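Step one of this worksheet: look at the structure below.
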């Protein structure tokens, strides 16, 4: 186990140990040092620590999950490789805890972040949605919202200025309740016919008064899908299983 090691320092450790940046999982790209700027020396580390860091950073499958509830945010990143995984728990820039865990504990580590009794932790339910069924503002409405916000209006005031806003879309925009973000980066070294060699996705959920809302866009104004409360675990369970499979280099069954 390693305590209080930031992701940027971890990348420096791997680099100085001879790891090729091209071998790192793409999800770590934001933590690579900029070539035009001098970089500080990495912290001192044992051989075992460096091995653990390189195992995590070069893992073919990485899941990053954060949950915000009651004003507090918890974060974890899990890198799956071979028959084990590395859990990186805590803020990435403030120093996280790195720990080798059995592959079968990946899902438990993710679900441990979910607040009990809320929409995010409801029993798993698989959900299929179509892009054209998303609740979304029209282009004119988005422009109106942007103008209002630039003029100093609150989001509530900006929405009040619009006509015919779906109550669920308004609920999604104004909710300050529990929310979660899942980022996935997987490189499939043993793809079966029809499998993608690479998979990258970011999915966001926020709990409103009327529903749980899901978005695969960086901005809620681009559209949200009302989904059953079990959509979070319904997404996490198969994604965690796929990450474990790809990390171990196993072909699809």
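Quick notes
- Residues that are at pLDDT 95 or above, in contact with a strand residue (DSSP E or B) (Cβ under 9 Å, 6 or more places away or on another chain) and part of a helix (DSSP H, G or I), drawn from the range 194-240: 231, 232, 234, 235, 236, 239, 240
- Looking across 183, 196, one residue alone is over 22 Å from residue 142 (Cα atoms) and without any contact (Cβ under 8 Å) to a residue 60 or more places away in the chain. It is 196.
- In the range 119-133, the residues that are at pLDDT 90 or above and surrounded by 12 or more Cβ atoms within 10 Å (Cβ to Cβ): 119, 120, 121, 122, 124, 125
- Summed over the range 1-20, the residues that are surrounded by fewer than 17 Cβ atoms within 10 Å (Cβ to Cβ) and part of a loop (DSSP other than H, G, I, E, B) give a count of 4.
- The residue pairs whose first member lies in the range 209-225 and is without any contact (Cβ under 8 Å) to a residue 40 or more places away in the chain and on the phi < 0 side of the Ramachandran plot, whose second member is in a helix (DSSP H, G or I) and surrounded by 14 or more Cβ atoms within 10 Å (Cβ to Cβ), and whose beta carbons are closer than 8 Å, counting only pairs six or more residues apart or on different chains, are 209/171.
- Just one of the numbered conditions (1) over 26 Å from residue 233 (Cβ atoms); (2) buried (at least 19 other Cβ atoms within 10 Å of the Cβ); (3) under 24 Å from the mean Cα position of the chain (by Cα) is not true of residue 79: (1).
Let's see how each residue does on (1) within 20 Å of residue 223 (Cβ to Cβ); (2) in a loop (DSSP other than H, G, I, E, B); (3) touching a strand residue (DSSP E or B) at 6+ places or on another chain (Cβ under 9 Å):
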position	(1), (2), (3)
93	no, yes, no
99	no, no, yes
107	no, no, no
113	no, yes, yes
116	no, yes, no
164	yes, yes, no
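- Count - residues of the range 178-193 that are at pLDDT below 95, in contact with a strand residue (DSSP E or B) (Cβ under 9 Å, 6 or more places away or on another chain) and outside any strand (DSSP E or B): 1
- A single entry from 140, 146, 136 fulfils the requirement of being surrounded by 13 or more Cβ atoms within 10 Å (Cβ to Cβ) and under 20 Å from residue 222 (Cα atoms): 136.
- The range 58-85, residues that are more than 14 Å from residue 110 (Cβ to Cβ) and assigned to a strand (DSSP E or B): 68, 69, 72, 73, 81, 84
- Hits in the range 126-142 (condition: without any contact (Cβ under 8 Å) to a residue 40 or more places away in the chain and not in a helix (DSSP H, G or I)): 128, 130, 138
The values are calculated or read from the model by the stated rules, or taken from the named source; none is laboratory data. Every value quoted in this text rests on a predicted model; they were computed, and no experiment measured them. All Cβ positions, even for glycine, are placed from backbone atoms using ideal geometry, and neighbour counts span all protein chains on display.
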